[in-house]
Amino acid sequence: MENLNSFQFLLSTKIIFGKDQLNSLGDQLAEISAKKIMIVTDKGLIKAGIVDKVLDIIKRNNIDYYLYDEVIPNPTINVVDEAAAICKNENCNVLIAIGGGSAMDTTKGISVMATNEGSSYDYLDGRGESKKEISNDPLPIIAIPTTSGTGSEVSFYSVLTDPETKIKDSISSHKIYPVAAIIDPALTKNLPSFITACTGLDVLGHALEAYTSTIENPMTDLFALEAIKIVFNSLAEAVNSGDIEARVNMSYASMLAGIAMSHCGATIPHALGCPLTGHCGMPHGLAVGILQIPMLEFNKEVLQDKVKNVLKYMDEDINNIDEGQYHTYLINKIKELMKKINIEEAVNKYVMDEKSIDLMSKDAIIHGCTLINPKKISIEDIINIYNEIG
């Protein structure tokens, strides 16, 4: 290959992928010498019976456990600190995360705070020079995703919200990669269509933003491009019919996109999407998904070649697309997808008034993802984008 730039790749998570692979959990627990497990999940998944499947395996292996079911959407630093205190008090030496991104984020935060001093707030990236280093190894995590969206089972981010400022920030460290990710698409088969749609748009965002960020990595480019292609081919079917093969494909795409984002980061949709979640309560995947369109429009001058590559990878006939209009073609593809998954009207219920836009814009401009967007963005640009989608 010509002009192949240097790059790095690290994934310290063992991936166990496939239908009914949850049955491998016992072997994974034995490998890490689990003595007492803290299971981190939410009451909805307990009610759905998914947690029972995990408990049956744990009981068959005669391992003690503590069930923590207080996971909330967009977990806060307070929740993580309180849960970590329970984890210490119960003397747990292994964590199992069961759920979507919120369960994964909570568990990673607990893993850090169960072995280190202070508050999870002290370890957030936004603390700058005041940020504490993770001096003691976090507790090992086995991640069991029940959605196809965040890819958090293969990432080194724990995204937490400050309940006072409503700012979302991250603990980022290779030390919080789960030791194993059991990605069993069968666990997603009863996911409601709206959640399937929103989490699927999150996959698209992770992949498209990782591919178009200023961090170059030819290895994860392959992951990102494949994830984008799968989303367009499988998400609508997963949403509208719940077809298990479509869900298998989306679980795979989520994993690929999560790996790509861990290496190449995200851009302005995540920078603007996090405040939308924090201030307006918009689901993260929905926020990121709708922001792909203004991202492509804003970056159109600098992304011609990359968007062209996306379309070629998706087997689109680029000879029929006018030079300089690749971004418009991809935008229309995204709009068509949103229509198919009944998401285009979902934004209307979230109020974005002048006050909230002002607060969100101030949060977005200092978000780290703005730094790796391929074109510099101003607070005025951000305000315009919020007004456009509102």
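I'd like the accessible area for LYS375: 1.4 Å probe, protein heavy atoms, all chains in place, Å² to the nearest 10.
Approximately 60 Å² for this residue.
Non-local amide H neighbours of SER170 (under 5 Å, H modeled in plane, Pro and chain starts lacking H): which ones?
Under 5 Å from the amide H of SER170 lie the amide H atoms of ASP125, GLY126, LEU160, each far enough along the sequence or on another chain.
Between the range 71-138 and the range 38-60, what is the separation of their alpha carbon centroids in Å?
Each part's Cα centre sits 20 Å from the other's.
State the Cα centre-to-centre distance between the range 310-385 and the range 3-35 in whole Å.
33
Which shape class, rounded, prolate or oblate, goes with the chain when its Cα gyration tensor gives a ≥ b ≥ c as root eigenvalues, a/c under 1.5 marks rounded, and past that a/b bigger than b/c marks prolate? Please list the in-between numbers first.
On the way: a/c = 1.66, a/b = 1.39, b/c = 1.19.
Here the chain falls in the prolate category.
Using a Gaussian network model on the chain with a 10 Å cutoff between Cα atoms, which of ASN320, ASN299, ASN91 fluctuates the most?
Maximum among the listed residues: ASN320.
Of LYS88/LYS189; LYS19/LYS375; LYS229/LYS355; LYS312/LYS376; LYS19/LYS300; LYS108/LYS166, which ones are farther than 30 Å apart at the Cα?
LYS88/LYS189; LYS19/LYS375; LYS229/LYS355; LYS19/LYS300
Rank ILE318, ILE343, LEU330 by how far each Cα sits towards the positive end of the charge dipole of the range 311-390 (+1 on Lys, Arg Cβ; -1 on Asp, Glu Cβ) and give me just the farthest.
Looking along the dipole axis, the top candidate is ILE343.
Treating the beta-carbon of each Lys and Arg as +1 and of each Asp and Glu as -1, no other charges, what is the dipole magnitude of the range 301-382 about its Cα centre, to the nearest 20 debye?
It works out to roughly 260 debye.
Nearest 20 debye, what's the magnitude of the dipole of the chain about its Cα centre given +1 on Lys and Arg Cβ and -1 on Asp and Glu Cβ?
The dipole of the chain has a size of about 660 debye.
Give me the Debye-computed log₁₀ of I(q)/I(0) at q = 0.15, 0.17 Å⁻¹ for the range 1-71, equal point scatterers on Cα only, no solvent, two decimals.
Reported log10 I(q)/I(0), two decimals: -0.62, -0.74.
Compute a Gaussian network model of the chain, connecting alpha carbons closer than 10 Å, and tell me which residue from ILE343, ILE228, ILE144 fluctuates the most.
The residue that fluctuates most here is ILE343.
If you count only protein heavy atoms and use a 1.4 Å probe, how large is the accessible surface of CYS198, to the nearest 10 Å²?
My reading of the accessible area for CYS198 is about 10 Å².
To test your reading of the geometry: what angle, between 0 and 90 degrees and rounded to tens, separates the Cα axis of helix 193-212 from the longest principal axis of the chain?
70
Tell me, what % of the accessible area of the chain is carbon and sulfur with a 1.4 angstrom probe? Don't skip to the end; give the middle numbers.
On the way: 8030 of 16720 Å².
Looking at the chain in its full context, I get 48 percent from C and S.
The values are calculated or read from the model by the stated rules, or taken from the named source; none is laboratory data. Here the structure is a predicted model, which is why all the values come from computation and not from measurement. For neighbour counting, all protein chains shown are included, and Cβ atoms are generated from backbone atoms with ideal geometry for every residue, glycine included. All accessible areas refer to the heavy atoms of the entire protein, side chains included, with ligands and DNA or RNA removed. Shrake-Rupley method; radii C 1.70, N 1.55, O 1.52, S 1.80 Å.
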